[in-house]
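To keep things clear, I will list the structure first and then write my remarks on it.
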Amino acid sequence: MNAILEAIERSAIRIKQAIDVKDIGYSQEQNSSGETQLQLDIQSDLIIEEELSHIPSVHTIASEEKELPMLLNEEGHYFIAFDPLDGSSLVDVNLSVGSIFGIYEGEFVGSALVASCYVVYGPRVELVFAYNGKVKLYLLQEGEFEFVKEIHLNEKGKINAPGGTQQFWAPYHKAMIDSFFAQGYRLRYSGGMVPDLHQILLKGGGLFSYPGASDKPEGKLRQLFEVFPFAFIFETAGGGAVDGTARVLTKVTKHVHDTSPCFFGSQHEISVVLSVYGAN
Ligand code: F6P
């Protein structure tokens, strides 16, 4: 696992350099979700693929930018799913973006996750790694990731980060989101999953939601690269991650690019989601 973490750290340093120097321009290619790929997406994907290809314990990788999983080493036992540059369209407006990694053992199913990691490329570069029951925050300083602290969620938070397009929300979802605001929760939503969830983790709690709605019944965020890795991190930090009625990590993934409605938060907010969705 150490070798994998070090490969992720090297990737992060290289991706940050690419973000800092790269001309911003759209490539002509589309990824499997039909979005136009930024050159930076492709470059970040290749950087991570190359770094992980040197690690013998890595069996297969799956990337948000690749149609199908790619076998790296038959002898390995880790299956790594990653989103190389999540929220990449935010680079041209200079907001934070991130890389997300789910490290699975033996197969790409939620219950096989053994570690998760994400990197935030913001004014500072930070890395969060969940493994062995702990969530640890690291800060990039002079080319090295230095341990800062462990992350623990409070029982209840103050942030409400509601994703999706309001006109397509179910009425009970809208009522739930409004009720959090009515209780004093503050709106914090940049449109980048990594910085938005990072903020909730570091500020002690709150709720991030990306529901199923009439335009996207299965939500937008991808299970293997986005939803499961963050679910693992939130659960390890003492919070929860559900699809409305059940833990997201129990969901069955039929295709690498499957999406799922998702809610991440501290215990209080997740219990509210379960009771609202359970009753509808
Ligand atoms: O998956 C890409 C992504 O940019 C996430 O980082 C983010 O949480 C989400 O999409 C934002 O979607 P929307 O613009 O629909 O709120």
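Return the sequence-ordered ³J(HN,Hα) values of segment 232-240 in whole Hz as given by the Karplus equation 6.51 cos²θ - 1.76 cosθ + 1.60 applied to θ = phi - 60°, using x for Gly and Pro.
Working through the residues one at a time gives 4, 5, 5, 5, 5, 7, x, x, x Hz.
Take segment 2-150, compute every pairwise Cα distance, and split them into 5 Å bins from 0; I just need the percent in each bin.
The percentages, shortest bin first, are 2, 10, 20, 22, 20, 15, 8, 2, 0.
Using Cα-Cα distances under 8 Å and only pairs 6 or more residues apart, what relative contact order does the chain have, in percent?
Once divided by the residue count of the chain, the mean separation gives 15 percent.
What percent does the relative contact order of segment 147-192 come to when contacts are Cα pairs within less than 8 Å and at least six residues apart? Could you put the intermediate results ahead of the total?
Working: 26 pairs, mean separation 24.2, N = 46.
So the answer I get is 53 percent.
I'd like the projected area of the chain, averaged over all directions, using the convex hull of its alpha carbons. Report it in nm² with one decimal. List each step's numbers first, then the result.
Working: hull surface 55.1 nm².
With the hull built on Cα positions only, its mean projection is 13.8 nm².
When the Karplus curve 6.51 cos²θ - 1.76 cosθ + 1.60 is applied with θ = phi - 60°, which whole-Hz ³J(HN,Hα) does each residue of segment 167-178 get, with x for Gly and Pro?
3J(HN,Hα) across segment 167-178, in whole Hz: 5, 9, 5, 5, x, 5, 5, 4, 4, 5, 4, 4.
Pick out which of SER96, SER190, SER63 has the largest mean-square fluctuation in a Gaussian network model of the chain, springs linking Cα atoms closer than 10 Å.
Fluctuation is largest for SER190.
Dipole of the chain (Lys/Arg Cβ +1, Asp/Glu Cβ -1, origin at the Cα centre): which of THR60, PHE232, ALA3 lies farthest to the positive side?
Toward the positive end, the furthest listed residue is PHE232.
In whole angstrom, note down how far apart the Cα centers of segment 191-227 and segment 140-181 are.
Using only Cα atoms to place each centre, the spacing works out to 7 Å.
Roll a 1.4 angstrom probe over the protein heavy atoms and tell me the percent of accessible area of the chain that is carbon or sulfur.
Working: 5920 of 12130 Å².
Whole-percent figure for carbon plus sulfur exposure: 49.
Run the 1.4 Å probe and let me know the accessible area of TYR131, rounded to the nearest 10 Å².
For TYR131, solvent-accessible area is about 80 Å².
In deg cm²/dmol and to the nearest 500, what is the mean residue ellipticity at 222 nm of the chain if only DSSP H runs of at least 4 residues count, each as -39500 (n - 2.57), divided by the residue total? Before the final figure, lay out each step's value.
Numbers: 6 runs with 78 residues, N = 280.
Calculated at 222 nm, the ellipticity per residue is -9000 deg cm²/dmol.
Would you calculate the separation in nanometres between label points at VAL148 and LYS254, each defined as 7 Å from the Cα along the Cα-to-beta-carbon direction?
4.1
Over segment 159-278, what is the mean sequence separation of C-alpha contacts under 8 Å (at least six apart), divided by residue count, expressed as relative contact order in percent? Write out the running numbers ahead of the final one.
Values: 209 pairs, mean separation 33.4, N = 120.
Across segment 159-278, relative contact order equals 28 percent.
Could you work out the equivalent-ellipsoid semi-axes for segment 159-278, taking the square root of 5 times each eigenvalue of the Cα gyration tensor, largest first, in whole Å?
Details: eigenvalues 74, 57, 35 Å².
After scaling each eigenvalue by five and taking roots: 19, 17, 13 Å.
Considering lysine pairs in segment 100-212 that are 8 or more places apart or on different chains, how many have Cα atoms under 17 Å apart?
Values: LYS134/LYS149; LYS136/LYS149; LYS136/LYS203; LYS149/LYS203; LYS156/LYS203; LYS158/LYS203.
Pairs that pass both the separation and distance tests number 6.
The values are calculated or read from the model by the stated rules, or taken from the named source; none is laboratory data. Computed from a prediction, not measured in an experiment: that's the story for all the values here. Note that we place each Cβ from the backbone using ideal geometry, even for glycine, and neighbour counts take in every protein chain shown. The area values use the complete protein model at the heavy-atom level, side chains included, leaving out ligands, DNA and RNA. Shrake-Rupley method; radii C 1.70, N 1.55, O 1.52, S 1.80 Å.
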